[in-house]
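Step one of this worksheet: look at the structure below.
The values are calculated or read from the model by the stated rules, or taken from the named source; none is laboratory data. Remember, predicted model here, so these are calculated numbers, not experimental data. Here the Cβ is made from the backbone with ideal geometry for all residues, glycine too, and neighbour counts use every protein chain on show.
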Amino acid sequence: MIHKSKPNIINIDKDFKKAVSYAKELFLSGGIFIYPTDTIYGFGANPFNEDAKMKIAKVKGRDEWKRYIFLIQNVQLLQQYVELNSEKHIDFLISIWPNPISVVLKLNSKTSEILQSETGAFRVPNNRFCLKLLSEIQMPLISTSVNRSGNPPLLEQSLIIEEFGNEVDAIFYSDTKSYFEASTIIDLSRDKLELIREGKFKMDVLQNKLESV
């Protein structure tokens with residue numbers, strides 16, 4: 001982590017290119033940062049960098065990295081990390097993304113060995129900053145709620161800066177936000193679709209969409 005008394009605090013609405021460039025730099029160098037998504041603010045880092053994952057776990061107060069959601073640019077890139085043997089499932093993912101819907105999928109053998117997990121939750125976010133950053137890094141990006149373990153997520157940048165200002169390398173924020181709601185999480189690692197957490201998108205809608213593709 002870059003040691004300093006305060007992180008770089010960047011308004012992505014005012015300096016979009018600088019924000020994306022610096023977030024990419026931090027991602028590639030093993031730094032951690034806070035950024036807006038299509039749901040709530042998240043801690044971001046490279047999921048394949050053990051030091052970065054340990055930094056986030058330390059800041060949050062618990063080693064819970066296996067619960068992190070990974071943002072990904074598109075379904076095509078996703079297939080480098082997971083097993084999607086069903087065309088129906090591929091069509092389903094294409095039909096629901098980009099949206100605040102996170103999907104638990106079976107990791108391929110290489111990714112499973114690196115992450116020491118059989119499954120991972122992925123989402124193509126409906127957010128300009130996230131999608132631009134993802135297009136630059138061409139890798140999954142950690143997205144986990146900005147909070148201490150056991151506490152509710154922080155939603156306002158002033159509270160985020162106050163709480164975590166000395167513990168991350170940068171805080172990216174936006175003045176525009178239409179809603180604050182965690183993503184719907186579904187499990188598609190097996191044949192049957194299962195609901196893990198309901199958010200904006202309801203289970204019956206997603207089930208009907210899967211059956212229609």
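Does Arg123 count as charged (D, E, K, R), within 30 Å of Leu84 (Cβ to Cβ) and free of Cβ contacts under 8 Å to residues at least 60 places away in the same chain?
No; evaluated as a whole, the condition is false for this residue.
Among the residues of region 94-103, is any surrounded by fewer than 21 Cβ atoms within 10 Å (Cβ to Cβ) and closer than 17 Å to Ile137 by Cα?
The answer is no; no qualifying residue exists.
Could you check region 79-90 and list, in sequence order, the residues that are surrounded by fewer than 20 Cβ atoms within 10 Å (Cβ to Cβ) and in contact with a helix residue (DSSP H, G or I) (Cβ under 9 Å, 6 or more places away or on another chain)?
Gln79, Gln80, Glu83, Leu84, Ser86, Lys88, Ile90
Among the residues of region 184-210, which ones are modelled with pLDDT under 90 and either hydroxyl-bearing (Ser, Thr, Tyr) or farther than 23 Å from Thr37 by Cβ (or both)?
Selection gives Arg190, Asp191, Lys192.
What do you reckon, is Gln116 at positive phi and more than 17 Å from the chain's Cα centre (by Cα)?
Against the criterion (at positive phi and more than 17 Å from the chain's Cα centre (by Cα)), Gln116 qualifies.
Of all residues in region 79-96, how many are out of contact with any Phe, Trp or Tyr (no Cβ under 9 Å at 6 or more places or on another chain), at pLDDT 95 or above and part of a loop (DSSP other than H, G, I, E, B)?
Within region 79-96, residues that are out of contact with any Phe, Trp or Tyr (no Cβ under 9 Å at 6 or more places or on another chain), at pLDDT 95 or above and part of a loop (DSSP other than H, G, I, E, B) number 3.
Filter region 168-200 down to the residues that are closer than 27 Å to Ser112 by Cα and basic (Lys, Arg) and list them by number.
Matches in region 168-200: Arg190, Lys192, Arg197.
So, Lys110, is that one modelled with pLDDT of 95 or more, within 14 Å of the chain's Cα centre (by Cα) and among the basic types (Lys, Arg) or not?
No, not satisfied.
So, in region 182-213, how many residues would count as being under 21 Å from the mean Cα position of the chain (by Cα), polar (S, T, N, Q) and outside any loop (DSSP other than H, G, I, E, B)?
Of the residues in that region, 1 qualify.
Kindly provide the set of residues from region 150-170 that are in contact (Cβ under 8 Å) with a residue 60 or more places away in the chain and within 30 Å of Leu93 (Cα to Cα), ordered by number.
Pro153, Leu154, Leu155, listed by residue number.
Can you name the residue in region 42-78 that is modelled with pLDDT of 95 or more and among the aromatic types (Phe, Trp, Tyr) and, of all such residues, is surrounded by the most Cβ atoms within 10 Å (Cβ to Cβ)?
Here the residue is Phe43.
Is there a residue being closer than 26 Å to Thr184 by Cα, in a strand (DSSP E or B) and of a type in the set (Phe, Trp, Tyr) anywhere in region 61-69?
There is no residue in region 61-69 that is closer than 26 Å to Thr184 by Cα, in a strand (DSSP E or B) and of a type in the set (Phe, Trp, Tyr).
When region 135-177 is examined, which residues are found to be touching a Ser or Thr at 6+ places or on another chain (Cβ under 7 Å) and outside any loop (DSSP other than H, G, I, E, B)?
Ser143
Looking at (1) modelled with pLDDT under 95; (2) touching a Pro at 6+ places or on another chain (Cβ under 9 Å); (3) of a type outside the set (Phe, Trp, Tyr); (4) in a loop (DSSP other than H, G, I, E, B), which one does Ser5 not meet, given that it meets all the others?
(2)
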